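Participant: Structure incoming, see below.
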Amino acid sequence: MTKNYKNQPISDVQWIDREELFSNTYNPNKVAPPELKLLKESILNSGWTQPIVIRESKEIVDGFHRWTVSGHKEIKELTGGLVPVVVLKEIGEDEQIMATIRHNRARGQHGVRPMAVIMQKLKDDHKLDNDKLNKLLGMEDEEIRRLYEAGSIELIKELAESGGAGKNVEHIKKFKENNDFSPSWD
Amino acid sequence: MGKKLYTTVDVYTRALERVEQAFKLFDTISVGFSGGKDSTAVLNITLEVAKHLNKLPLNVYFWDEEAIPYETEHYVRRVYNLEEIDMDWFTVPIKHRNACSTKQPYWFPWAEEEKDLWVRPKPVEGISKIEGYNSDDPNSRLMIPDLDALSRPTKKYGTVGRVMGIRADESLSRFLQVSSRAAEMREFNYIIPFQDKGASGGKVLPIYDWTTADIWTAPIKYGWDTNECYELEQMAGISPSAQRIAPPFGEEPMQKLWRFPLCYPDVWEKMVDRVDGARTAARYSTTELYGFNKTIEKPAEMEWEEFILTQVQKHKPQMQLEIITNIQRWMNAHYSKTSDPILHKAIHPDTGLNWDMILKVAIRGNTKGRRMPKAITKHRDLEEWNKRKARYDKELQESTN
């Protein structure tokens, strides 16, 4: 195996001007604005860690959104408009399309339980506040709270209360000033 | 029960009263326990009453549906081990809907022939045989409501009050079950009598009027043990009223299938190979691929009936028949009320029907004899009726122009 590593695309990362690249027409991957912001944050914080994957024609196979944010001022200034690329050589359109999908799809999801543990560590041990977490992890307060409080049933109840009870919400509210439970009905 | 008439008594107190009454009416009281939040309430309330009436241990039954989180299994086991509880933990092969797949519309939890695919090992407490139920043959396997009767035959249990955690605010179809006209005519509006396959008695619904907030107030106030699943689902961002622990492959639960890889990765790993279409549904169940929200576009050259038929034909033959029967029932009901055409989007003011709804049933498949969408009558809500009528007339005019 080791003797072939030099043939791997990643062994030949090149820096080229982002203006030379162009997007493919079929990319099914959509990145929502908060995640795009996070991607930018990621490059600004950690620097470029992953190349953009292109064909010899310089059409993008994977990394369209990295390429998009590379046009933003602060990121452009990091490298003077150069972006790291690796080239997939001699591939047909079908292979290119499938490579795009595989790059996007072959990844896991973050389980909520381990995420809750991480959130507690970041907040308790590392004293990161919500403002920082909003920015550095692209999480809104709602997600931070749900993970950090690890889903207590008190929180579920609180959310259920605020969910309202349709037309009778006022009636139930009044009744509950003196009772733990809502009024029964026939 | 149809229109809510509030009383001055809180739901908890009323639930205790209802259960106490049920103990008087039936020979056996048996709690249908699912491990879900509603069944936590009925279990603990019935236990409270049973203690008070000196009727311990409390009879309980649980249908283990195989593809359930370990959190649920652990919670059920804690309940099983309580001294006051006498639980039947059923692990018999049953028939389940799989709305994820057009190729495999049913799946069979605990089927012996698929032993190597089981999502979880069979619990040691499990009861795998029920007298009078042939579960070896896939064709004779039953769905859970039908098995309820076989599991509690009159010859052994007398009349049975099955205490169940069904609530009106859970879903519209369940509300209809509770609020049917028949219920208004009965002395005890929270009891639905049944007589079925050698069993008789009543479904007892003591918490039908509880809100989701009440469901959580009770365990906090009384320190009841609960299923940890809800805490996980809440972390995953599922709202309290949408949290479910039901088997995840039916039409409605499927829409939240994506929560499994997030909350229950160990179970999910097995689930993807257990039923056909699970991975596809986790990705697309809330898109037009599964008839959700947006429906698939009808080609302009095709008539509606024809287009709907093409969608029905994507299902298995047996399922096709069920879907068509259901659609015909809807359409007959429509044309028995009016000779107006069914329109694409605007629902008919008197029948509540449009092609989009029919199309959804055709795409999703349907096994439940789904009720026709509710029409609102002129005298009940004239304002809404007028609105619908205006919308209907507008679309009718546009479509004929």
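The values are calculated or read from the model by the stated rules, or taken from the named source; none is laboratory data. Everything numeric here is computed off the predicted structure, so don't read it as measured data. Note that each Cβ is placed from the backbone with ideal geometry, even for glycine, and that neighbours are counted across all protein chains shown. SASA here: full protein model, heavy atoms, side chains in, ligands and nucleic acids out. Shrake-Rupley method; radii C 1.70, N 1.55, O 1.52, S 1.80 Å.
Participant: Only one of these is farther than 20 Å from B:Pro69 by Cβ and in contact (Cβ under 8 Å) with a residue 12 or more places away in the chain: B:Leu232, B:Leu205. Name it.
Facilitator: B:Leu205
Participant: Filter region A:10-27 for residues that are open to solvent by 90 Å² or more (accessible area, probe 1.4 Å) and outside any strand (DSSP E or B) and give the result.
Facilitator: A:Ile10, A:Glu19, A:Glu20, A:Thr25
Participant: Return yes when A:Ile91 is within 22 Å of the chain's Cα centre (by Cα), β-branched (Val, Ile, Thr) and either more than 7 Å from every other protein chain (Cβ to nearest Cβ) or surrounded by fewer than 12 Cβ atoms within 10 Å (Cβ to Cβ) (or both) and no when it is not.
Facilitator: The answer is no for A:Ile91.
Participant: While we're here: Of everything in region B:90-132, what is free of Cβ contacts under 8 Å to residues at least 24 places away in the same chain and under 24 Å from the mean Cα position of the chain (by Cα)? Give them in sequence order.
Facilitator: Residue satisfying the conditions is B:Tyr106 alone.
Participant: Just checking, which of B:Arg152, B:Arg167, B:Arg141, B:Arg120 is open to solvent by less than 40 Å² (accessible area, probe 1.4 Å) and in contact with a Pro (Cβ under 8 Å, 6 or more places away or on another chain)?
Facilitator: Only one candidate qualifies: B:Arg141.
Participant: For region B:191-222, name all the residues that are part of a loop (DSSP other than H, G, I, E, B) and either among the acidic types (Asp, Glu) or within 11 Å of chain A (Cβ to nearest Cβ) (or both).
Facilitator: The answer is B:Pro206, B:Ile207, B:Tyr208, B:Asp209, B:Trp210, B:Thr211.
Participant: Say we look at region B:260-277 and pick out the residues that are touching a Gly at 6+ places or on another chain (Cβ under 9 Å) and crowded, with 22+ Cβ neighbours inside 10 Å; which of these is nearest to A:Glu161 (Cα to Cα)?
Facilitator: B:Cys263
Participant: Further, regarding this structure: For region A:146-165, which positions are more than 8 Å from chain B (Cβ to nearest Cβ) and modelled with pLDDT under 75?
Facilitator: A:Gly164
Participant: For region A:59-75, give me the residue count where each residue is touching a strand residue (DSSP E or B) at 6+ places or on another chain (Cβ under 9 Å) and open to solvent by 60 Å² or more (accessible area, probe 1.4 Å).
Facilitator: Adding up the residues that qualify gives 1.
Participant: Right, next: How many residues, within region B:14-37, are facing chain A (nearest Cβ under 10 Å) and either at pLDDT below 95 or under 30 Å from B:Leu232 (Cα atoms) (or both)?
Facilitator: 2
Participant: Something else about it: Would you mind telling me which numbered condition in (1) at pLDDT below 85; (2) surrounded by 14 or more Cβ atoms within 10 Å (Cβ to Cβ) A:Lys123 fails?
Facilitator: (1)
Participant: Let me ask something additional. Test A:Lys30 against the stated conditions and say whether it is modelled with pLDDT under 95 and either at negative phi or open to solvent by 50 Å² or more (accessible area, probe 1.4 Å) (or both).
Facilitator: It is true that A:Lys30 is modelled with pLDDT under 95 and either at negative phi or open to solvent by 50 Å² or more (accessible area, probe 1.4 Å) (or both).
Participant: Can you tell me which residues in region B:223-232 are within 22 Å of A:Tyr148 (Cβ to Cβ), open to solvent by 10 Å² or more (accessible area, probe 1.4 Å) and more than 7 Å from every other protein chain (Cβ to nearest Cβ)?
Facilitator: Within region B:223-232, B:Glu228 is the sole residue that qualifies.
Participant: Please find, within region B:233-255, the residue that is farthest from the chain's Cα centre (by Cα) out of those that are over 21 Å from B:Thr211 (Cα atoms) and more than 8 Å from chain A (Cβ to nearest Cβ).
Facilitator: Residue satisfying both the conditions and the ranking: B:Gln255.
Participant: Could you pull out every one of the strands (runs of 3 or more DSSP E) wholly within region B:1-89 that has 3 or more residues that are open to solvent by less than 10 Å² (accessible area, probe 1.4 Å) and in contact (Cβ under 8 Å) with a residue 24 or more places away in the chain?
Facilitator: Because the criterion is at least 3 residues that are open to solvent by less than 10 Å² (accessible area, probe 1.4 Å) and in contact (Cβ under 8 Å) with a residue 24 or more places away in the chain, the strands (runs of 3 or more DSSP E) in region B:1-89 that meet it are B:28-33, B:58-63.
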